Amino acid sequence: MLAHPLFAGTALPISVQSANYNVNAAPEDFPITLNNIHSWLIIIDDTSGQPVENLDFTVKGGMPEHQHGLPSQPKLIDEINPGKYIVDGVKFNMYGKWQIELIGINNSSEFYQKIEIDLDHDNAN
């Protein structure tokens, strides 16, 4: 496959580390299909590698460079195993640089993580 000329593409799963969390995120189905709703598996550990359980978060996102949000309203569906969460309703409608934000609510209000992905022809159809 030819790569999109503007973006290097993001390898999946995406790994993000912060001061308190290690997050791995990937779509359940690969490659990502444009204009279709899909689910993501989000694995959240603390910095010692222990699963972070019972988080409650909302999901936002979009394309900051284009100044628009996601064309869907993804949401946390379930914690299928300790620290393993399913987010459903993610949709990308074009190639480019996207962000998915996980924003803690209720007792998880200190949780915040931003996942960035360059969606190109190598990781999407």
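The values are calculated or read from the model by the stated rules, or taken from the named source; none is laboratory data. Predicted, not measured: the structure shown is a model, and the values here were computed from it. Here Cβ is always computed from backbone atoms with ideal geometry, including for glycine, and neighbour counts include all displayed protein chains. These area figures cover heavy atoms from the full protein model, side chains too; ligands, DNA and RNA do not enter into them. Shrake-Rupley method; radii C 1.70, N 1.55, O 1.52, S 1.80 Å.
Please compute the net charge surrounding Asp78, taking Lys and Arg as +1 and Asp and Glu as -1 over other residues with Cβ under 14 Å from its Cβ.
Numbers: positive: Lys75, Lys84; negative: Glu28, Glu53, Asp56, Glu79, Asp88.
Summing Lys/Arg as +1 and Asp/Glu as -1 gives -3.
Might you work out the accessible area of Glu116 for me, using a 1.4 Å probe with all protein chains in place, and round it to the nearest 10 Å²?
In the full protein context, Glu116 sits at about 100 Å².
Round to a whole number: what % of the accessible area of the chain belongs to carbon and sulfur, probe 1.4 Å?
Details: 3160 of 6920 Å².
Here it works out to 46 percent.
Quick one: how many Å² of Val59 are accessible to a 1.4 Å probe, rounded to 10?
Accessible area, nearest 10 Å²: 20 Å².
Is there a quick way to get the dipole size of the chain? I mean about its Cα centre, with the Cβ of Lys and Arg at +1 and of Asp and Glu at -1; what is the value in debye to the nearest 20? Walk me through the numbers before you get to the answer.
Details: 6 positive and 16 negative charges, 59 e Å.
Its charge dipole is roughly 280 debye.
Using a Cα distance threshold of under 15 Å, what count of lysine pairs results for the chain when pairs must be 8 or more residues apart or interchain?
On the way: Lys60/Lys75; Lys60/Lys91; Lys60/Lys97; Lys60/Lys114; Lys75/Lys84; Lys75/Lys91; Lys75/Lys114; Lys97/Lys114.
Qualifying lysine pairs in the chain: 8.
Convert 37 °C to kelvin, take the viscosity as 0.692 mPa s, use the Kirkwood radius over C-alpha pairs of segment 6-125 as Rh, and evaluate the Stokes-Einstein diffusion coefficient in µm²/s, rounded to a whole number. If you can, show how the numbers build up before the last one.
Values: Rh = 14.5 Å.
My calculation gives 227 µm²/s for D.
Among Leu34, Leu55, Leu76, determine the one that fluctuates most according to a GNM of the chain built with springs between C-alpha atoms less than 10 Å apart.
In this elastic network of the chain, the residue with the biggest mean-square fluctuation among Leu34, Leu55, Leu76 is Leu34.
Which one of Ile100, Ile42, Ile80 has the biggest mean-square fluctuation once the chain is modelled by GNM with Cα springs under 10 Å?
Ile80
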